[in-house]
1. Taking 56 Å as R0, compute the FRET efficiency from the Cβ-Cβ separation of R13 and E331 and round it to 0.05.
2. PRE reach from A296 (point 7 Å along Cα→Cβ): which of region 332-363 fall under 17 Å by backbone N?
3. Considering every Cα-Cα pair within the chain, what fraction, in whole percent, is farther apart than 43 Å?
4. Given H placed 1.01 Å from N in the peptide plane, which residues other than close sequence neighbours of R376 have an amide H under 5 Å from its amide H?
5. In nm, what is the difference between 0.36 nm times the number of residues separating R284 and C431 and their Cα-Cα distance?
6. Fewest to most neighbouring Cβ within 10 Å: what's the order for Y24, Y412, Y166?
7. Tell me, what ³J(HN,Hα) does each residue in region 262-272 have, in order and in whole Hz, if you take phi through Karplus 6.51 cos²θ - 1.76 cosθ + 1.60 with θ = phi - 60° and put x for Gly and Pro?
8. Would you be so kind as to identify which of S134, W446, T580 lies farthest towards the positive end of the dipole of the chain, taking Lys and Arg as +1 and Asp and Glu as -1 on Cβ and the Cα centre as origin?
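Every read-out reported here was derived from the displayed coordinates using simple, explicitly stated rules and does not represent laboratory data. These figures come from a predicted structure and were not determined experimentally. Neighbour counts are summed over all protein chains in view; Cβ atoms, including those assigned to glycine, are modelled from backbone coordinates with ideal geometry.
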Amino acid sequence: MQPRYEPHGVEERWQQTWEAEGLYNAEPDPSRTPYVDCHPPPNVTGRLHTGHALNLAVGDLLIRWKRMQGYNTLFQPGFDHAGISTQNVVEKALIDEGTSRRELGREKFEARVWEWLHEYGGKILDDFRRIGASLDYRRSRFTMDEGYVRAVMQFFVHLYRRGWIYRANRIINWCPHHETSLSDLELEHEDVDDTLSTIRYPLADGDGYIPIATVRPATIPADVAVAVHPEDPRYAELIGREVIVPWTENRVPVIADERVERDFGTGALKITPAHDPTDFQIGRDHGLPEPSCIGADGLVTAAGLEGLTQKEAEEKILAWCKERGLLEQREHYRHSVAFCERCHSRIEPRISMQWWCAMDGIKQRPLEALRSGEVRYHPESQHRFAIDSLENAPDWCISRQIWWGHQIPAWYCPDGHITVEESAPDACAECGATDLTRETDVLDTWFSSALWPFATLGWPDETPELAQFYPGNVNTTARDIIRLWENRMIFSGLELLGERPFDDVVIHPTVLAVDGRRMSKSLGNGIDAFEVLERHGADATRYGLLKNSLTQDVRFSYAAIEEGGKLSNKLWNAARLIVTACDGALPAAKPSSLEERWILARLSQAQRRIEASLDEFDFAHAMDELYHLTFDDFCDWYLEAVKARLYDGDADARVTATAALEWLLKLLHPAMPHVTEEIWSHLPERTSRLIVASWPEAGGEDEAGALERVQEYAQVFRRSGVVPQLEGDEKRIFDAVVKPDRAPQRENGNAEAERERLRKEIARAEKQLANERFVENAPAEVVDAERAKLERYRRELDAISE
Ligand SMILES: [Zn+2]
Ligand SMILES: [Zn+2]
């Protein structure tokens, strides 16, 4: 073994070895109990970021733990076709070549996307390998592969026949650059500096006007009403009359609606149903028309303003108003605006014909599963959030006006009838016409990823994989896709297979930048996951991310990752000492000395605590337990105590040291797989890998407190310099660990000061425990802890009293 542990090289070597030896592989085997984690598919265009790294650290920890426990584990990999972001990347390349997707046409464009993917796509799975994730890479699936597409088509047809899919002309988020609808998640909200213009709308029947404040004068040509609050005394008399819209000079009604905010602007709202979601709702409720004045490309279409940008149109309209004395004022106004996350275009709310999923029918079964706890989110706060977001789920817009994705399997005949089939029908289902055209829209990416837990196993075919690995056990992810992904998988699994896809959903923390803000490119506060891996290695990165996962928002912590590095080194040095001292075959023996009985009991005790933490998906406490077990108990106490005997060739000491080290390596392996496997390979007579070694049986913790007295006396010694009266193993261990030679024994005067301190502590604790109110009202564990302290003080005092 090298004197210093260097993760680089070692980690990559083990990653290749494990995979090449087939140790990540999952095979259907009805005689074994499966444990399945279908890992969230990353975008096929993506590369590793810290969120992925944390998610993999969590998922791989669970999978490696269960694998060692003997489960038939499947850690399912794959990637998502990521409709808009993939299309975006390829379109950019086309623009660089001086062409465009429209010039190529749909078919050629799709071929180009595939070409691009063969060359550059899916690199992220190599990043996953580099962090040591034991996914069965042979089983990687892609949401656009042939079988998966079939699953998506069947899902769509199923929902359509259930009556849960419909078309409707509604307002949606629209990106004028990509010319598609977008989900809320694909938007970025930013505060921007804008101008609020107050414009007078003259009354049609006589004198007077209504002043209206707007940030979007360019939408004035599509105004169809002016709305005021029904209880606003300023406008009460105007309700039911008409005003004249500037520029178009159309007459529109003044209506009353409680959704108007009296405090905003002048308290009167211009209603433009085609270009604002609130106006759209008000318009529909009042039966207003929905003319539009902005096209799909974001340019203005209103008469006299055709082809202008919104800014240009705004200037013209304001100039027109100013000439007529209708422009009251312009003032600075800062407000939140939505942008497309891919191209940063300002989002246009736009009415368009889209395909929708009716959530009222869909949400009932997943709601039952969540309410009954059949599927459980962790932590509990996210379970409640998941239920709330399902209860309040609005209908889901599932169509996108892009080319890369699953084209909706709906065909129109010349009469406008819709035929929905998994593959092209011969004739219209309603009138028999054969002249059919296919819907050009594709499905929202989340529509296909909703099938991930079973489409990856071959559904709709009845495969051995599906029989063995469905339903799965766990899914791990970030909270921002609970609505978009997790809840929908629960629905699709229950609906199509009649069983939940998994029992537990682990929501890991959101990793914030070191400054506590969200990581963002524009702030430049992002953490480069590759740099962290490069500098600290995969084990330290995994450990640090898990250790720092106690709450739902955590700041990225270099200290936690460095702690992981220290832990690796400490473990390496301890193992090196043992391996060097224990070379050759080992005789069987039973541990007899105190430090041996103690470390075996402590390993067992720590194992139970780690298992309890992992059962609750509490990774931070599991890491804490591993850290103290390794650093304090194993290295600082046990190894110091036993060192001399190991060097002396004591057979018992050698056997137990090797056994204890093996045990420790097994406990550490799921979190820090590489350094533990490397050490394991240096142990005598190693024939199989640690990754597939069996998880130890905990048991025999009676002696977990056996070193307590020595440890307490060591504290007394370090405070006061007083050497306690100890005998036998206790004395030997005390001497080995405390080494008086290093901390010179002080005058006996210190002993008196220490005795005085202990007497005071004893008096305080006795008084506390004599207080009936404390004993009756304080939690039992607090009272017990106080009693234990009192006993300890008394023992310590005994130890240093002559
Ligand atoms: Zn865009
Ligand atoms: Zn027809």
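1. 0.30
2. Under cut-off, by backbone N: 348-355.
3. In whole percent, the share of Cα-Cα pairs in the chain beyond 43 Å is 47.
4. Answer set, sorted by chain and number: D504, V505.
5. That pair, R284 and C431, stretches by 49.7 nm at full extension.
6. Neighbour counts put them in this order, fewest first: Y166, Y412, Y24.
7. Karplus-based 3J(HN,Hα) across region 262-272 equals 5, 7, 7, x, 9, x, 10, 10, 7, 9, 10 Hz.
8. T580
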